[in-house]
Structure formats: C-alpha cells, structure tokens
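> Just passing along the structure, written as structure tokens.
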Amino acid sequence: MLALQRATHATLQVLSAELVDLDLTGSEINALANLADGRGRTVSELGAAVGSRPTTLTSVLDRLERRGHITRGTRPGDRRAVLIELTPSGRAAAATIRDAVADVEHRALDGLPDEALVHLRAALRALTEVSS
C-alpha cells in the first residue's frame, strides 16, 4: 500500500508539472480527466469516478465552474440530479489532461510485459472496489 501511495504522489507531481500552464489543482485535474470522454455525469457519478464524496467534490466543481470549464444543469427526466458537463474550454483542458495522462502512463508502463499490466489493472480494481 505504501508503494501505491508513493507511486500516486509521484504521478501527481509529474502531471502537475507537465500541466502547470493549466493552473489547476490535482483535484481539478482529476475531475476534468474523468470528464474527458465528453459524457456528462451527475455529481454522485463523478464523485465515484474521482474517488471522492459528492460533498467534498462541490468546492472543486465550484472552482471549475468559475473558471468556465464546466456547467451544472439538470439531467433530462430527473430535475433533482445535477448534471456536470464540460464547456468548450473544459473540453480543451480535459483533452490536454487526457493526453498528458496517456503520455505518463506510456512512459511508466511501456516496458512491462502484457501479463504484468493485466495483473496491475486487476489489483487496482480490487483496491478501488474494497472502498465501495
């Protein structure tokens, strides 16, 4: 677990350095990365994707909305659910983040055998699911 924590912090430091021009926090980068596919999500869905409680995510979303990267609206058919969607500037930032994440992943994992990657992804899924 400590090795995973060290790897997480090292990865976040690399990403923050490579994305410094976006002037975003790690939490904001994480939220935009999880919205990069362009699909809107409710606050609960996004919270689950980023590994954060919706109440904790609220301040991140407030900052992203103030910066013009997201909008909050209602989900068709469910006016109670707040739907988070990217704006054009949010899509551009999310694409930059997606590319940076893919590049860091490629540099870090390129030399590993396919079987090792399968096991790594299975272990990460198991660790994520234990907290659900």
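> Would you check if Ala81 is in contact with a helix residue (DSSP H, G or I) (Cβ under 9 Å, 6 or more places away or on another chain), surrounded by 13 or more Cβ atoms within 10 Å (Cβ to Cβ) and either part of a helix (DSSP H, G or I) or on the phi < 0 side of the Ramachandran plot (or both)? Quick ask: steps written out before the conclusion?
Working: in contact with a helix residue (DSSP H, G or I) (Cβ under 9 Å, 6 or more places away or on another chain): yes; surrounded by 13 or more Cβ atoms within 10 Å (Cβ to Cβ): yes; either part of a helix (DSSP H, G or I) or on the phi < 0 side of the Ramachandran plot (or both): yes.
Considered against the rule, which asks whether it is in contact with a helix residue (DSSP H, G or I) (Cβ under 9 Å, 6 or more places away or on another chain), surrounded by 13 or more Cβ atoms within 10 Å (Cβ to Cβ) and either part of a helix (DSSP H, G or I) or on the phi < 0 side of the Ramachandran plot (or both), Ala81 comes out as yes.
> Additional query: Where in the stretch 1-75 are there helices (runs of 4 or more DSSP H), lying fully within it, with 1 or more residues that are closer than 14 Å to Ala92 by Cα? Spell out how you get there, then give the answer.
On the way: elements: 2-18, 26-35, 43-50, 54-66.
Of the helices (runs of 4 or more DSSP H) lying wholly inside the stretch 1-75, those with at least 1 residues that are closer than 14 Å to Ala92 by Cα span 26-35, 54-66.
> Of Val43, Val14, Val20, which residue is among the β-branched types (Val, Ile, Thr) and without any contact (Cβ under 8 Å) to a residue 40 or more places away in the chain? Walk me through how you get there before you give the answer.
Working: Val43 fails: without any contact (Cβ under 8 Å) to a residue 40 or more places away in the chain; Val14 fails: without any contact (Cβ under 8 Å) to a residue 40 or more places away in the chain.
Step by step, each of Val43, Val14, Val20 is checked, and only Val20 is among the β-branched types (Val, Ile, Thr) and without any contact (Cβ under 8 Å) to a residue 40 or more places away in the chain.
> Then there is this: For the subset of the stretch 35-66 comprising residues that are farther than 15 Å from Val82 by Cα and of a type in the set (Gly, Ala, Ser), which member is surrounded by the most Cβ atoms within 10 Å (Cβ to Cβ)?
Ala36
> If you don't mind, there's one more thing I want to ask. So Ser16 ticks every box in (1) under 17 Å from Asp103 (Cβ atoms); (2) modelled with pLDDT of 95 or more; (3) surrounded by 14 or more Cβ atoms within 10 Å (Cβ to Cβ) but one. Which box is left unticked?
The one condition Ser16 does not meet is (2).
> Here is a follow-up. Tell me whether the stretch 67-76 contains one or more residues that are at pLDDT 95 or above, loosely packed, with under 12 Cβ neighbours inside 10 Å and closer than 17 Å to Ala33 by Cα.
The answer is no, given that none of the residues of the stretch 67-76 is at pLDDT 95 or above, loosely packed, with under 12 Cβ neighbours inside 10 Å and closer than 17 Å to Ala33 by Cα.
The values are calculated or read from the model by the stated rules, or taken from the named source; none is laboratory data. Everything numeric in this text was worked out from a predicted model, so none of it was measured. We place every Cβ from the backbone using ideal geometry, glycine too, and count neighbours over all the protein chains shown.
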